[in-house]
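Taken together, the values in this text are just the output of simple stated rules run on the coordinates, not laboratory data. In this text the structure is predicted, and so the values were computed from the model without any measurement. Please note: Cβ atoms are built from the backbone with ideal geometry, for glycine as well, and neighbour counts cover all protein chains shown.
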Amino acid sequence: MSGATTVAPEGRAPADAAAPAPAPASTRAAAPLLAVAGLCGGAGASTLAFLAARHAAREGDRPVLVADTGGPSGGLAACARVAVARSLPRAAAAIAAHEPLGAGLFAEAGGGLRVMASAPEPPLDVAADAAARVLGDARGAHRLTVVDCGVPGGALSAQVLEVATHVAWVLPATLGGARRARRTLELFAPRPDRRELVVARHDAAGATAPTAMLKELAAERRAPLLLVPHVPDLAEQPPDAALELAGEALDALVAEVLR
């Protein structure tokens, strides 16, 4: 799987257009919220979330935000090489406690990309309405908001998936990865008001799953299938090489979300 391939399902309705140029919050349409969720450990959700946001930030005149749901991994901050003191769950907790948020909610990563990710931290439960407010404000202020949900399981990742306009389900394109992904997806029923993508990442460490098997998995979700090549570890190398290697798949993913 040296390049990227996109397989689109039949019968998909057109997606909503991206939000227009900045307008008053009361009249501005909320921009898309893409939740990136791993279907098993090591699927590469943090890497894909960062690359998708970085790729989308290259276009348009409004910034793109990428955030994570906190917790002990710190994967997104490692990929972005920046971190903020107050993560998404801690910002929501501050709102729930009626505390001022102050400055420094996100780091400017350059090129129109903003990052809201922290170093590893203990998991934090937050009120659903407070999380919804943070996410709603993010959608109002950015052309696209991308949230790295990791392997969904906590209350905050469930809240993100609940309000997301799009979900990218990420799995390693191996036999074991595909089998684990199918079992995990059984926990999340498709919804007609939310568009999905299935992203299979090449993993040389395992037996490659047949493309037909991956297509069947995507078809069960009525979702396009994106095949993504192996990319370098973003915690060890700058993202330029990864953006070039995965460019075709990122083009397809961002176009699907923003069209």
(request) Classify segment 33-126 as rounded, prolate or oblate from the Cα gyration tensor: take a ≥ b ≥ c as the square roots of its eigenvalues, call it rounded if a/c is under 1.5, otherwise prolate when a/b beats b/c and oblate if not. (result) oblate
(request) Arrange Thr165, Thr47 by Cβ neighbour counts within 10 Å, fewest through most, would you? (result) Thr165, Thr47
(request) Would you mind checking the tilt of helix 45-57 against the longest principal axis of the Cα atoms of the chain, expressed as 0 to 90 degrees and rounded to 10? (result) 70 degrees
(request) Take the Cα gyration tensor of the chain, multiply each eigenvalue by 5, square-root it, and list the three semi-axes largest first, rounded to whole angstrom. (result) 27, 20, 18
(message) If I fit a long axis through the Cα atoms of helix 128-141 and take the longest principal axis of the Cα atoms of the chain, what angle between them do I get, 0 to 90°, rounded to 10?
(response) 90 degrees
(request) Choose one of Gly104, Gly150, Pro192: the residue whose Cα lies farthest towards the positive end of the charge dipole of the chain (beta-carbon charges +1 Lys, Arg; -1 Asp, Glu; about the Cα centre). (result) Pro192
(message) Only counting other Cβ atoms within 10 Å, I'd like Thr211, Thr69 sorted with the fewest neighbours first.
(response) Thr211, Thr69
(message) Please report the spacing between the Cα centers of segment 196-257 and segment 28-55 in Å, no decimals.
(response) 12 Å
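For the chain, what relative contact order do you get, as a whole percent, if you take Cα pairs closer than 8 Å and at least 6 residues apart?
Working: 555 pairs, mean separation 77.5, N = 259.
For the chain, the relative contact order is 30 percent.
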(message) Within 13 Å, Cβ to Cβ, of Val167, how many net charges do the neighbouring residues add up to if Lys/Arg are +1 and Asp/Glu are -1?
(response) 0
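Within a Cβ distance under 13 Å of Ala45, other residues only, what is the Lys/Arg minus Asp/Glu net charge? Intermediate results must be reported in sequence, preceding the final value.
Values: positive: Arg201; negative: Asp68, Asp148.
The answer is -1.
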(request) Have a look at Ala205, Ala127, Ala109 and tell me which one the Gaussian network model of the chain (Cα, springs below 10 Å) gives the largest fluctuation. (result) Ala205
(request) Using only Cα atoms, find the angle between the long axis of helix 247-258 and the longest principal axis of the chain, and express it within 0 to 90 degrees, rounded to the nearest 10. (result) 50 degrees
